[in-house]
Amino acid sequence: MRFIFTTTFYPPYHLGGDAVHVKYLADELARLGHEVHVLHSIDAYQLKRKSAPKEEIDNKVHLYPIHTPFNLSAYTAYFSGKSRSTTRKFRAIVEEIEPDVVHHHNISLLGYDILKKQGQYSNLYTAHDYWLICQENNLLKNGKEICVSNSCFSCSLRQLKPPQIWRKRREFANAIANVDFLISPSNYVKNKIFEKVSINGITLSNFVPRPQVEITSSGFSDFFLYAGVLEKHKGILDLLELFRNTKISSKLLIAGNGSLRSHIAEYVRKNCLENRIIFLGWVEGSMLTRLLSDATALVMPSKWEENNPLIALEALSVGTPVIGSNKGGLPEIINKVDTKLVFNQLNELKGLLQGFSRKGFSSKKIKSVYEENFSPEVYVHKYINAIKKM
């Protein structure tokens, strides 16, 4: 089949897991002999990051980057909800390729106009976040607590962002109505979206590629691992406090980058925790795999409603258990290994870490959970079947 993917970000011009998933899926489909075309925005990346990434060459997937003067396409998509340059390019690609499937991913800085069908194809949308129903994409009111109201205008102003008035227009709702069905990586996110949007949809968990057969040592032992963005909503500050105030025999290793990077490094130094908390900063992919493999457990103390984080799937793929908060779709992953690894309060996490032993969790069993639920073959099989049933 011929596929067109639309995504604001695509490696190497990307910031997070949504773009990584798109590349995983594009590469897997191309490997199976499908024809894959990806429309993405360099403008959006440059709006978020000033430095240019190292270029990657991808011979299997056809790329169509959007790059306009002054990153204009990304600005107009944010403020008006659509970008003429993006819409024109999308229509031209559809006319040229005549796709069987158009699959929209994170289109926050591409514009909703491309959701409108331009031909006879299956029109899919994956909800990598809450963009369909939340301007901030994260469903956090004022950037803090879970949103249970419709105070979008005041919420955006408090976070010093212009309100997206276009979300109230019928044209936006009509564009969403053009989507044949929605794919959500978690039941939680799907249900949240269904509360406000009438659309057909399925739950289809993300996947991650299998790790290399032989994984060498990371050089560390007897440690819990936090790996992810260093932001307040991820609960990293609570985890630091817990390790400072609680006697836990294992060390804590922190791998990642974000706005709290300097704060965390200073916190560790100021509280003389260098022997208990090791701050690694950002680590490249193969090193992250080694850390995940050697870790006693991956700890995910998220304070916001997670969707289906790839890092949790990567931990399972190497046989490492995941300890996580009862937030969003995170329990849907962890419960497949053991429901006792999900916590509600920090006191519960404290007890888990103090009494945790890796010996109680079979790596073979955890890897089987990955194989049965989060492997490439399982995802693509369900994905293609869903398209064929349309």
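Each value in this text was obtained by applying a stated rule to the coordinates, not by laboratory testing. Everything numeric here is computed off the predicted structure, so don't read it as measured data. Note that each Cβ is placed from the backbone with ideal geometry, even for glycine, and that neighbours are counted across all protein chains shown.
What nm value, rounded to one decimal, do you get for the distance between M287 and D338 when each label is placed 7 Å out toward the C-beta?
It is 3.0 nm.
Beyond a 26 Å Cα-Cα separation, which of these cross-linked pairs lie in this structure: K192/K367; K251/K303; K340/K382; K327/K350? Before the final figure, lay out the partial values.
Values: K192/K367 30 Å; K251/K303 22 Å; K340/K382 29 Å; K327/K350 17 Å.
Check vs 26 Å cut-off fails for K192/K367; K340/K382.
Quick check on packing: order 183-192, 271-280 by the mean number of other C-beta atoms within 10 Å, highest mean leading. Don't jump to the answer; show the numbers that get you there.
Numbers: 183-192: 21.6, 271-280: 14.8.
Peptide ranking by packing, descending: 183-192, 271-280.
Please enumerate, by chain and number, the lysines with C-alpha under 16 Å from the C-alpha of K161, excluding those fewer than 8 residues away in the same chain.
Filter leaves K48, K141, K144.
So what are the three principal axis dimensions of the range 223-373 from its Cα atoms, in whole Å, longest to shortest?
Its Cα atoms span 44, 32, 29 Å along the three principal axes.
Are any of the pairs K190/K365; K23/K270; K60/K389; K234/K389 more than 32 Å apart by Cα-Cα distance, and if so, which?
Working: K190/K365 28 Å; K23/K270 41 Å; K60/K389 27 Å; K234/K389 37 Å.
Beyond 32 Å between Cα atoms: K23/K270; K234/K389.
How tilted is helix 261-270 with respect to the longest principal axis of the chain? Cα atoms for both, answer in degrees (0 to 90, nearest 10).
Helix 261-270 and the main axis of the chain meet at about 10 degrees.
If the chain between I215 and S363 were fully stretched, how many nm would it gain, using 0.36 nm times the residue separation less the Cα-Cα distance?
Working: separation 148, 0.36 × 148 = 53.28 nm, distance 1.38 nm.
Stretched fully, the I215-S363 segment lengthens by 51.9 nm.
Under 5 Å between amide H atoms, partner at least 5 residues away or on a different chain: which partners does F5 have, H built in plane at 1.01 Å?
Distant-sequence amide H within range of F5: H37, V38, L39, H103.
Say R0 is 30 Å: what FRET efficiency, to the nearest 0.05, do R2 and A52 get from their beta-carbon distance?
Values: r = 31 Å, r/R0 = 1.02.
E between R2 and A52, to the nearest 0.05, is 0.45.
I'd like the Karplus ³J(HN,Hα) series for the range 293-298: coefficients 6.51, -1.76, 1.60, θ = phi - 60°, whole numbers in Hz, and an x wherever there's a Gly or Pro.
After applying 6.51 cos²θ - 1.76 cosθ + 1.60, I find 5, 8, 5, 5, 6, 8 Hz.
For the range 299-351 and the range 61-101, write down the distance between their C-alpha centroids in whole Å.
Measuring centre to centre over Cα atoms gives 37 Å.
According to a simple spin-label model (label point 7 Å from Cα along Cα-to-Cβ), what is the distance in nm between R167 and E348?
Those two pseudo-labels are separated by 3.0 nm.
Ranked highest first by the average count of other Cβ atoms within 10 Å around their residues, in what order do 65-77, 364-376 fall?
Numbers: 65-77: 18.2, 364-376: 16.5.
Highest mean packing first, the order is 65-77, 364-376.
Find the all-direction average of the projected area of the Cα convex hull for the chain, expressing the result in square nanometres with one decimal place. Show your work: numbers first, answer last.
Working: hull surface 76.2 nm².
Value for the chain: 19.0 nm².
Please give the charge dipole size of the chain, origin at the Cα centre, charges +1 on K and R Cβ atoms and -1 on D and E Cβ atoms. Round to the nearest 20 debye.
Values: 50 positive and 37 negative charges, 196 e Å.
Dipole size: approximately 940 debye.
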